[in-house]
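The values are calculated or read from the model by the stated rules, or taken from the named source; none is laboratory data. Bear in mind that the values here come from a model prediction, so they are computed numbers and not experimental data. Every residue, glycine as well, gets a Cβ built from its backbone with ideal geometry; the counts of neighbours run over all protein chains shown.
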Amino acid sequence: MTLAHSHPVPQPRTAVPAVPAVVGADLRVPLVTGERVGYANLDHAASAPCLEQVRDAVDELLPWYASVHRGAGFASKVSTRVHEQARASVRRFLNARDGDAVVFTRNTTDALNLLARSLPRHAAVVLFDTEHHAALLPWRGPNVQRIAAPRSADAAAPALAEALGRCPEGPRLVVLTGASNVTGELWPVAELARVARAHGARVVLDAAQLAPHRPVDVRELDVDYTVLSGHKIYAPFGSGVLVGRSDWLQAAEPYLAGGGATRRVTDHGDHLGVSWSAVPERHEAGSPNVVGVHALAVACDVLSRHWEQTVEHERVLLERLRSGLATVPGLRELTLFDGDRDRVGVVSFTVGGHDAGYLAAALSAEHGIGLRDGAFCAHVAVGRLLDRVGGHEQRALRASLGLGSTVEHVDRLVAALRSLVLDGPRWNYVQVDGRWEPENDPRTPPPFLS
(Lines give C-alpha, C1' and ligand atoms only; values in the text may rest on other atoms or scores of the structure.)
Protein backbone atom coordinates (compact mmCIF):
# COMPACT_ATOMS: atom_id res chain seq x y z
CA MET A 1 0.00 0.00 0.00
CA THR A 2 1.30 3.45 -0.87
CA LEU A 3 1.40 5.79 2.09
CA ALA A 4 0.97 9.36 0.94
CA HIS A 5 -0.70 12.66 1.68
CA SER A 6 -0.59 15.66 -0.59
CA HIS A 7 0.27 18.09 2.21
CA PRO A 8 2.45 17.86 5.33
CA VAL A 9 0.68 16.65 8.43
CA PRO A 10 1.59 18.75 11.51
CA GLN A 11 3.30 16.71 14.20
CA PRO A 12 2.17 17.23 17.80
CA ARG A 13 4.57 18.17 20.54
CA THR A 14 6.24 15.04 21.86
CA ALA A 15 7.55 14.40 25.36
CA VAL A 16 10.59 12.13 25.13
CA PRO A 17 12.09 10.63 28.31
CA ALA A 18 15.70 11.47 29.16
CA VAL A 19 18.08 8.62 28.38
CA PRO A 20 21.84 8.02 28.83
CA ALA A 21 23.93 10.41 26.73
CA VAL A 22 26.03 9.31 23.76
CA VAL A 23 29.31 10.64 22.39
CA GLY A 24 28.80 12.76 19.30
CA ALA A 25 25.37 14.07 20.22
CA ASP A 26 26.65 17.59 19.51
CA LEU A 27 28.45 16.65 16.27
CA ARG A 28 27.98 19.16 13.46
CA VAL A 29 28.57 18.16 9.85
CA PRO A 30 29.05 20.19 6.66
CA LEU A 31 26.45 20.39 3.90
CA VAL A 32 27.18 20.84 0.22
CA THR A 33 25.35 24.17 0.42
CA GLY A 34 27.95 25.58 2.82
CA GLU A 35 26.12 25.39 6.16
CA ARG A 36 26.90 23.14 9.10
CA VAL A 37 24.11 21.36 10.96
CA GLY A 38 23.77 18.97 13.85
CA TYR A 39 24.22 15.40 12.61
CA ALA A 40 20.99 13.39 12.59
CA ASN A 41 22.26 9.87 13.17
CA LEU A 42 19.46 7.55 12.07
CA ASP A 43 21.69 4.54 11.46
CA HIS A 44 21.86 3.01 14.95
CA ALA A 45 20.99 -0.45 13.59
CA ALA A 46 24.35 -0.60 11.81
CA SER A 47 26.51 0.73 14.65
CA ALA A 48 25.37 2.68 17.67
CA PRO A 49 27.40 5.63 19.02
CA CYS A 50 29.43 5.22 22.17
CA LEU A 51 27.75 5.89 25.50
CA GLU A 52 29.47 8.70 27.39
CA GLN A 53 29.64 6.40 30.43
CA VAL A 54 31.38 3.76 28.31
CA ARG A 55 33.90 6.31 27.02
CA ASP A 56 34.60 7.46 30.57
CA ALA A 57 35.04 3.88 31.75
CA VAL A 58 37.50 3.17 28.93
CA ASP A 59 39.48 6.32 29.75
CA GLU A 60 39.61 5.20 33.39
CA LEU A 61 40.90 1.75 32.42
CA LEU A 62 43.54 2.75 29.86
CA PRO A 63 46.29 3.76 32.34
CA TRP A 64 45.89 0.32 33.94
CA TYR A 65 45.83 -1.56 30.64
CA ALA A 66 48.16 -4.58 30.61
CA SER A 67 48.25 -8.22 29.59
CA VAL A 68 45.38 -10.39 30.80
CA HIS A 69 45.89 -13.78 32.53
CA ARG A 70 49.62 -13.71 31.87
CA GLY A 71 51.30 -11.07 34.00
CA ALA A 72 52.46 -10.86 37.62
CA GLY A 73 52.48 -7.07 37.60
CA PHE A 74 49.80 -5.15 39.47
CA ALA A 75 48.39 -3.53 36.31
CA SER A 76 48.12 -6.98 34.72
CA LYS A 77 46.17 -8.21 37.74
CA VAL A 78 43.84 -5.22 37.45
CA SER A 79 43.24 -5.87 33.74
CA THR A 80 42.63 -9.55 34.41
CA ARG A 81 40.07 -8.71 37.09
CA VAL A 82 38.34 -6.25 34.75
CA HIS A 83 38.18 -8.91 32.05
CA GLU A 84 36.69 -11.56 34.33
CA GLN A 85 34.24 -9.18 36.01
CA ALA A 86 32.90 -8.37 32.56
CA ARG A 87 31.58 -11.92 32.31
CA ALA A 88 29.44 -11.29 35.39
CA SER A 89 28.02 -8.08 33.88
CA VAL A 90 27.04 -9.87 30.66
CA ARG A 91 25.55 -12.74 32.66
CA ARG A 92 23.37 -10.30 34.65
CA PHE A 93 22.38 -8.41 31.50
CA LEU A 94 20.98 -11.59 29.94
CA ASN A 95 19.90 -13.29 33.18
CA ALA A 96 22.00 -16.24 32.07
CA ARG A 97 21.96 -19.58 33.84
CA ASP A 98 24.63 -20.24 36.46
CA GLY A 99 26.37 -22.85 34.33
CA ASP A 100 26.32 -20.91 31.08
CA ALA A 101 29.67 -20.12 29.47
CA VAL A 102 30.44 -16.48 28.60
CA VAL A 103 32.85 -16.48 25.65
CA PHE A 104 34.07 -13.13 24.36
CA THR A 105 34.33 -12.76 20.59
CA ARG A 106 34.82 -9.93 18.09
CA ASN A 107 31.12 -9.48 17.27
CA THR A 108 27.89 -11.35 16.57
CA THR A 109 29.19 -12.80 13.30
CA ASP A 110 32.26 -14.15 15.06
CA ALA A 111 30.14 -15.62 17.87
CA LEU A 112 27.80 -17.45 15.49
CA ASN A 113 30.71 -18.81 13.46
CA LEU A 114 32.27 -20.04 16.69
CA LEU A 115 29.06 -21.86 17.59
CA ALA A 116 28.76 -23.29 14.07
CA ARG A 117 32.28 -24.72 14.44
CA SER A 118 31.31 -26.25 17.78
CA LEU A 119 28.22 -28.19 16.70
CA PRO A 120 28.30 -31.96 17.20
CA ARG A 121 28.94 -33.94 14.06
CA HIS A 122 25.88 -34.35 11.82
CA ALA A 123 23.88 -31.83 13.85
CA ALA A 124 20.78 -30.57 12.05
CA VAL A 125 20.26 -26.80 11.81
CA VAL A 126 16.93 -25.11 11.12
CA LEU A 127 16.51 -21.39 10.48
CA PHE A 128 14.27 -18.91 8.70
CA ASP A 129 15.82 -17.59 5.51
CA THR A 130 15.19 -13.94 6.35
CA GLU A 131 18.02 -13.92 8.87
CA HIS A 132 20.87 -11.41 8.80
CA HIS A 133 23.86 -12.87 6.96
CA ALA A 134 25.64 -13.37 10.30
CA ALA A 135 22.97 -15.90 11.25
CA LEU A 136 22.24 -17.19 7.73
CA LEU A 137 25.65 -18.08 6.35
CA PRO A 138 27.75 -19.94 8.99
CA TRP A 139 25.80 -23.21 8.78
CA ARG A 140 26.95 -25.77 6.24
CA GLY A 141 26.11 -29.29 5.21
CA PRO A 142 23.17 -31.41 4.07
CA ASN A 143 21.35 -31.15 7.41
CA VAL A 144 20.67 -27.40 7.16
CA GLN A 145 17.06 -26.44 6.50
CA ARG A 146 16.06 -22.89 5.59
CA ILE A 147 12.40 -22.02 6.05
CA ALA A 148 10.74 -19.28 4.02
CA ALA A 149 9.56 -16.62 6.46
CA PRO A 150 5.80 -16.76 6.99
CA ARG A 151 3.52 -13.80 6.36
CA SER A 152 2.32 -13.84 9.97
CA ALA A 153 4.11 -14.39 13.25
CA ASP A 154 1.44 -16.93 14.21
CA ALA A 155 2.45 -19.10 11.26
CA ALA A 156 6.10 -19.25 12.34
CA ALA A 157 5.63 -21.94 14.99
CA PRO A 158 3.82 -24.45 12.71
CA ALA A 159 6.43 -23.87 9.99
CA LEU A 160 9.24 -24.54 12.45
CA ALA A 161 7.51 -27.66 13.81
CA GLU A 162 7.14 -29.04 10.30
CA ALA A 163 10.81 -28.43 9.51
CA LEU A 164 11.98 -30.00 12.77
CA GLY A 165 9.81 -33.02 12.03
CA ARG A 166 11.89 -33.62 8.89
CA CYS A 167 15.21 -33.54 10.76
CA PRO A 168 17.19 -36.74 11.19
CA GLU A 169 17.74 -38.16 14.65
CA GLY A 170 20.52 -36.54 16.59
CA PRO A 171 21.51 -33.07 17.81
CA ARG A 172 19.43 -30.19 16.48
CA LEU A 173 19.83 -26.43 16.60
CA VAL A 174 17.26 -23.76 15.78
CA VAL A 175 18.61 -20.30 14.83
CA LEU A 176 16.32 -17.39 15.74
CA THR A 177 16.51 -13.62 15.48
CA GLY A 178 15.07 -11.53 18.29
CA ALA A 179 14.31 -8.47 16.14
CA SER A 180 14.64 -8.09 12.39
CA ASN A 181 17.46 -5.77 11.37
CA VAL A 182 15.39 -4.89 8.28
CA THR A 183 11.97 -4.10 9.72
CA GLY A 184 12.50 -4.04 13.48
CA GLU A 185 9.67 -6.52 13.99
CA LEU A 186 9.99 -8.84 16.99
CA TRP A 187 9.96 -12.57 16.38
CA PRO A 188 7.95 -14.82 18.78
CA VAL A 189 11.12 -16.25 20.31
CA ALA A 190 9.59 -17.86 23.43
CA GLU A 191 6.90 -19.59 21.38
CA LEU A 192 9.41 -20.86 18.85
CA ALA A 193 11.71 -22.04 21.63
CA ARG A 194 8.83 -24.14 23.01
CA VAL A 195 8.44 -25.75 19.59
CA ALA A 196 12.17 -26.46 19.49
CA ARG A 197 12.06 -28.04 22.94
CA ALA A 198 9.18 -30.31 21.89
CA HIS A 199 11.39 -31.62 19.08
CA GLY A 200 14.54 -32.02 21.18
CA ALA A 201 16.31 -29.04 19.63
CA ARG A 202 18.48 -26.34 21.14
CA VAL A 203 18.04 -22.66 20.28
CA VAL A 204 20.53 -19.89 19.54
CA LEU A 205 19.20 -16.34 19.70
CA ASP A 206 20.75 -13.61 17.56
CA ALA A 207 20.10 -10.68 19.91
CA ALA A 208 22.23 -8.14 18.02
CA GLN A 209 19.22 -5.95 17.13
CA LEU A 210 17.12 -6.79 20.18
CA ALA A 211 19.60 -6.21 23.00
CA PRO A 212 20.07 -2.44 22.45
CA HIS A 213 16.31 -1.85 22.63
CA ARG A 214 14.69 -4.35 25.00
CA PRO A 215 15.68 -6.50 27.99
CA VAL A 216 16.74 -10.02 26.97
CA ASP A 217 16.04 -12.74 29.55
CA VAL A 218 17.43 -16.05 28.33
CA ARG A 219 15.71 -18.00 31.10
CA GLU A 220 12.32 -16.52 30.30
CA LEU A 221 12.83 -17.05 26.56
CA ASP A 222 14.32 -20.51 27.24
CA VAL A 223 17.10 -20.25 24.68
CA ASP A 224 20.35 -22.18 24.95
CA TYR A 225 22.74 -19.67 23.35
CA THR A 226 22.65 -15.92 22.87
CA VAL A 227 24.96 -13.73 20.79
CA LEU A 228 25.33 -9.96 20.59
CA SER A 229 27.78 -7.23 19.59
CA GLY A 230 29.25 -4.37 21.57
CA HIS A 231 29.03 -1.98 18.64
CA LYS A 232 25.23 -2.42 18.58
CA ILE A 233 24.83 -1.64 22.29
CA TYR A 234 26.83 1.59 22.46
CA ALA A 235 30.26 0.02 23.09
CA PRO A 236 32.08 0.25 19.73
CA PHE A 237 35.42 -1.21 20.82
CA GLY A 238 35.53 -4.48 18.91
CA SER A 239 33.96 -6.97 21.29
CA GLY A 240 31.02 -9.37 21.15
CA VAL A 241 29.90 -12.36 23.16
CA LEU A 242 28.50 -15.87 22.98
CA VAL A 243 26.63 -16.96 26.10
CA GLY A 244 25.23 -20.44 26.52
CA ARG A 245 25.50 -24.07 27.46
CA SER A 246 29.09 -25.22 27.74
CA ASP A 247 28.96 -28.91 26.75
CA TRP A 248 29.09 -28.48 22.95
CA LEU A 249 31.68 -25.74 23.33
CA GLN A 250 33.81 -27.86 25.65
CA ALA A 251 33.70 -30.87 23.32
CA ALA A 252 34.73 -28.85 20.26
CA GLU A 253 38.21 -28.11 19.03
CA PRO A 254 39.26 -24.55 19.92
CA TYR A 255 37.90 -21.93 17.55
CA LEU A 256 41.43 -20.52 17.23
CA ALA A 257 44.64 -22.33 18.11
CA GLY A 258 47.05 -20.24 20.13
CA GLY A 259 48.09 -18.86 23.47
CA GLY A 260 45.44 -18.70 26.15
CA ALA A 261 43.54 -21.66 24.69
CA THR A 262 46.24 -24.05 25.90
CA ARG A 263 46.98 -25.53 29.32
CA ARG A 264 50.21 -27.20 28.23
CA VAL A 265 52.17 -27.80 25.04
CA THR A 266 54.86 -30.53 24.93
CA ASP A 267 57.42 -31.43 22.27
CA HIS A 268 57.26 -35.03 21.07
CA GLY A 269 59.75 -34.64 18.23
CA ASP A 270 57.53 -35.37 15.24
CA HIS A 271 54.51 -33.62 16.75
CA LEU A 272 53.38 -31.31 19.52
CA GLY A 273 51.23 -32.52 22.36
CA VAL A 274 48.55 -30.02 23.31
CA SER A 275 46.27 -29.97 26.31
CA TRP A 276 43.52 -27.41 25.66
CA SER A 277 42.00 -25.11 28.24
CA ALA A 278 38.42 -25.43 29.41
CA VAL A 279 35.63 -23.12 28.27
CA PRO A 280 35.61 -20.11 28.06
CA GLU A 281 39.38 -19.73 27.60
CA ARG A 282 39.30 -22.68 25.17
CA HIS A 283 37.75 -20.40 22.53
CA GLU A 284 39.51 -17.15 23.45
CA ALA A 285 43.01 -17.72 22.05
CA GLY A 286 45.32 -14.75 21.73
CA SER A 287 45.58 -11.59 23.79
CA PRO A 288 42.04 -10.64 24.75
CA ASN A 289 40.50 -7.29 23.92
CA VAL A 290 40.16 -6.21 27.54
CA VAL A 291 39.23 -2.64 26.56
CA GLY A 292 36.42 -3.85 24.30
CA VAL A 293 35.23 -6.39 26.84
CA HIS A 294 35.15 -3.74 29.58
CA ALA A 295 33.25 -1.36 27.29
CA LEU A 296 30.71 -4.07 26.50
CA ALA A 297 30.22 -4.85 30.19
CA VAL A 298 29.75 -1.19 31.14
CA ALA A 299 27.18 -0.76 28.36
CA CYS A 300 25.30 -3.79 29.68
CA ASP A 301 25.27 -2.30 33.18
CA VAL A 302 24.13 1.14 31.98
CA LEU A 303 21.33 -0.18 29.80
CA SER A 304 20.13 -2.46 32.59
CA ARG A 305 19.59 0.59 34.82
CA HIS A 306 17.62 2.56 32.21
CA TRP A 307 15.31 0.14 30.44
CA GLU A 308 12.09 1.95 31.29
CA GLN A 309 13.33 5.28 29.88
CA THR A 310 15.01 3.61 26.89
CA VAL A 311 11.94 1.69 25.80
CA GLU A 312 9.62 4.69 26.20
CA HIS A 313 12.05 7.04 24.43
CA GLU A 314 12.11 4.71 21.44
CA ARG A 315 8.36 4.07 21.45
CA VAL A 316 7.61 7.79 21.24
CA LEU A 317 10.11 8.43 18.46
CA LEU A 318 9.14 5.34 16.47
CA GLU A 319 5.47 6.29 16.52
CA ARG A 320 6.37 9.78 15.35
CA LEU A 321 8.69 8.44 12.65
CA ARG A 322 6.18 6.02 11.18
CA SER A 323 3.32 8.53 11.19
CA GLY A 324 5.60 11.11 9.58
CA LEU A 325 6.83 8.73 6.88
CA ALA A 326 3.19 8.00 6.05
CA THR A 327 2.95 11.57 4.72
CA VAL A 328 5.69 11.07 2.11
CA PRO A 329 4.20 10.52 -1.38
CA GLY A 330 4.96 7.08 -2.78
CA LEU A 331 6.56 5.71 0.38
CA ARG A 332 6.07 2.03 1.11
CA GLU A 333 7.17 0.58 4.43
CA LEU A 334 8.62 -2.94 4.42
CA THR A 335 7.15 -5.45 6.86
CA LEU A 336 7.76 -9.15 7.32
CA PHE A 337 4.44 -9.91 8.97
CA ASP A 338 0.89 -8.94 8.19
CA GLY A 339 -0.61 -6.63 10.82
CA ASP A 340 1.14 -4.14 13.05
CA ARG A 341 3.52 -6.28 15.07
CA ASP A 342 5.54 -4.98 18.03
CA ARG A 343 8.92 -3.72 16.86
CA VAL A 344 12.09 -1.93 17.85
CA GLY A 345 13.10 1.39 16.31
CA VAL A 346 13.96 0.20 12.81
CA VAL A 347 11.95 1.17 9.72
CA SER A 348 12.86 0.22 6.14
CA PHE A 349 11.05 1.63 3.14
CA THR A 350 11.13 2.49 -0.53
CA VAL A 351 9.94 5.64 -2.26
CA GLY A 352 8.39 4.87 -5.64
CA GLY A 353 10.41 6.15 -8.56
CA HIS A 354 13.38 7.23 -6.45
CA ASP A 355 16.62 5.26 -6.13
CA ALA A 356 17.41 4.53 -2.46
CA GLY A 357 21.11 5.34 -2.84
CA TYR A 358 20.32 8.63 -4.54
CA LEU A 359 17.97 9.64 -1.72
CA ALA A 360 20.49 8.59 0.95
CA ALA A 361 23.22 10.69 -0.68
CA ALA A 362 20.96 13.74 -0.90
CA LEU A 363 19.73 13.34 2.68
CA SER A 364 23.33 13.34 3.85
CA ALA A 365 24.72 16.06 1.59
CA GLU A 366 21.83 18.53 1.83
CA HIS A 367 20.27 17.77 5.23
CA GLY A 368 22.96 16.26 7.46
CA ILE A 369 21.03 13.00 7.91
CA GLY A 370 22.75 9.63 8.12
CA LEU A 371 20.74 6.52 7.33
CA ARG A 372 21.33 3.28 5.47
CA ASP A 373 20.52 2.26 1.91
CA GLY A 374 20.91 -1.16 0.35
CA ALA A 375 19.97 -4.64 1.53
CA PHE A 376 21.37 -4.38 5.10
CA CYS A 377 23.32 -7.68 5.02
CA ALA A 378 19.97 -9.47 4.67
CA HIS A 379 19.74 -9.83 0.89
CA VAL A 380 17.20 -12.65 0.86
CA ALA A 381 14.86 -10.83 3.25
CA VAL A 382 15.10 -7.49 1.49
CA GLY A 383 14.69 -9.07 -1.95
CA ARG A 384 11.45 -10.73 -0.92
CA LEU A 385 10.11 -7.64 0.80
CA LEU A 386 10.87 -5.50 -2.25
CA ASP A 387 9.00 -7.99 -4.43
CA ARG A 388 6.07 -7.74 -2.04
CA VAL A 389 5.67 -3.96 -2.29
CA GLY A 390 6.10 -3.95 -6.06
CA GLY A 391 7.82 -1.31 -8.11
CA HIS A 392 11.29 -1.51 -9.63
CA GLU A 393 13.43 -0.62 -6.60
CA GLN A 394 16.48 -2.80 -6.06
CA ARG A 395 17.44 -1.35 -2.68
CA ALA A 396 15.66 0.11 0.32
CA LEU A 397 16.28 2.88 2.84
CA ARG A 398 16.47 2.17 6.58
CA ALA A 399 16.05 4.66 9.39
CA SER A 400 16.98 3.28 12.79
CA LEU A 401 16.56 4.94 16.16
CA GLY A 402 18.50 4.75 19.39
CA LEU A 403 19.65 6.68 22.41
CA GLY A 404 21.19 9.34 20.17
CA SER A 405 17.93 10.02 18.31
CA THR A 406 15.75 13.08 18.90
CA VAL A 407 12.39 14.47 17.81
CA GLU A 408 14.25 17.01 15.66
CA HIS A 409 16.09 14.22 13.83
CA VAL A 410 12.83 12.43 13.05
CA ASP A 411 11.06 15.58 11.89
CA ARG A 412 14.05 16.63 9.77
CA LEU A 413 14.06 13.27 7.97
CA VAL A 414 10.35 13.44 7.21
CA ALA A 415 10.57 17.04 5.97
CA ALA A 416 13.68 16.28 3.89
CA LEU A 417 12.10 13.25 2.22
CA ARG A 418 8.99 15.23 1.36
CA SER A 419 11.10 18.00 -0.08
CA LEU A 420 13.20 15.62 -2.19
CA VAL A 421 10.12 13.85 -3.52
CA LEU A 422 8.02 16.94 -4.19
CA ASP A 423 10.67 19.50 -5.17
CA GLY A 424 13.76 17.49 -6.05
CA PRO A 425 17.33 17.91 -4.77
CA ARG A 426 19.24 21.18 -4.68
CA TRP A 427 22.50 19.64 -5.90
CA ASN A 428 23.66 17.42 -8.75
CA TYR A 429 24.71 13.84 -8.02
CA VAL A 430 26.82 11.36 -9.95
CA GLN A 431 27.61 7.68 -9.49
CA VAL A 432 31.13 6.81 -8.36
CA ASP A 433 31.96 3.10 -8.15
CA GLY A 434 28.26 2.30 -8.01
CA ARG A 435 27.47 4.82 -5.25
CA TRP A 436 25.76 8.19 -5.60
CA GLU A 437 27.93 11.15 -4.58
CA PRO A 438 27.47 14.94 -4.78
CA GLU A 439 29.09 16.26 -7.95
CA ASN A 440 32.16 18.35 -7.06
CA ASP A 441 31.52 17.73 -3.38
CA PRO A 442 32.81 20.80 -1.49
CA ARG A 443 32.70 19.20 1.94
CA THR A 444 36.05 18.60 3.64
CA PRO A 445 36.87 15.85 6.14
CA PRO A 446 37.74 16.66 9.77
CA PRO A 447 41.33 17.75 10.48
CA PHE A 448 42.46 14.39 11.86
CA LEU A 449 41.96 12.89 8.37
CA SER A 450 44.06 15.52 6.61
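Observations
- Residue 194 being free of Cβ contacts under 8 Å to residues at least 60 places away in the same chain, surrounded by fewer than 24 Cβ atoms within 10 Å (Cβ to Cβ) and either assigned to a helix (DSSP H, G or I) or out of contact with any helix residue (DSSP H, G or I) (no Cβ under 9 Å at 6 or more places or on another chain) (or both): yes
- Restricting attention to the stretch 393-437, the residues that are buried (at least 16 other Cβ atoms within 10 Å of the Cβ) and in a strand (DSSP E or B) add up to 7.
- Residue 328 vs. criteria assigned to a loop (DSSP other than H, G, I, E, B), in contact with a strand residue (DSSP E or B) (Cβ under 7 Å, 6 or more places away or on another chain) and crowded, with 24+ Cβ neighbours inside 10 Å: yes
- Every residue from the stretch 19-49 that is in contact with a His (Cβ under 8 Å, 6 or more places away or on another chain) and either assigned to a loop (DSSP other than H, G, I, E, B) or assigned by TED's automatic domain parsing to the domain that holds residue 179 (or both): 19, 20, 31, 42, 47, 48
- Wholly enclosed helices (runs of 4 or more DSSP H) of the stretch 72-139 bearing at least 3 residues of a type in the set (S, T, N, Q): 74-94, 108-118
- Filtering the stretch 140-176 to residues that are on the phi < 0 side of the Ramachandran plot, part of a loop (DSSP other than H, G, I, E, B) and surrounded by fewer than 17 Cβ atoms within 10 Å (Cβ to Cβ) leaves 140, 142, 148, 151, 152, 166, 168, 169.
- Residue match in the stretch 75-88 (condition: under 22 Å from residue 193 (Cα atoms), touching a strand residue (DSSP E or B) at 6+ places or on another chain (Cβ under 7 Å) and assigned by TED's automatic domain parsing to the domain that holds residue 222): no
- Hey, residue 210 farther than 21 Å from residue 117 by Cα and crowded, with 19+ Cβ neighbours inside 10 Å or not: yes
- Residue selection: residue 270 fails the criterion of being surrounded by fewer than 21 Cβ atoms within 10 Å (Cβ to Cβ), in contact with a Phe, Trp or Tyr (Cβ under 8 Å, 6 or more places away or on another chain) and either not polar (S, T, N, Q) or not in a helix (DSSP H, G or I) (or both).
- Flag for residue 311 being of a type outside the set (D, E, K, R), in contact with a Pro (Cβ under 8 Å, 6 or more places away or on another chain), more than 17 Å from residue 240 (Cβ to Cβ) and in contact (Cβ under 8 Å) with a residue 24 or more places away in the chain: no
- Residue that is nearest to residue 289 (Cα to Cα), among those in the stretch 58-75 that are free of Cβ contacts under 8 Å to residues at least 24 places away in the same chain and in contact with a Phe, Trp or Tyr (Cβ under 9 Å, 6 or more places away or on another chain): 66
- Residue satisfying condition, being in contact with a Leu (Cβ under 9 Å, 6 or more places away or on another chain), among the small types (Gly, Ala, Ser) and either modelled with pLDDT under 95 or over 30 Å from residue 49 (Cα atoms) (or both), within set 208, 179, 148, 153: 153
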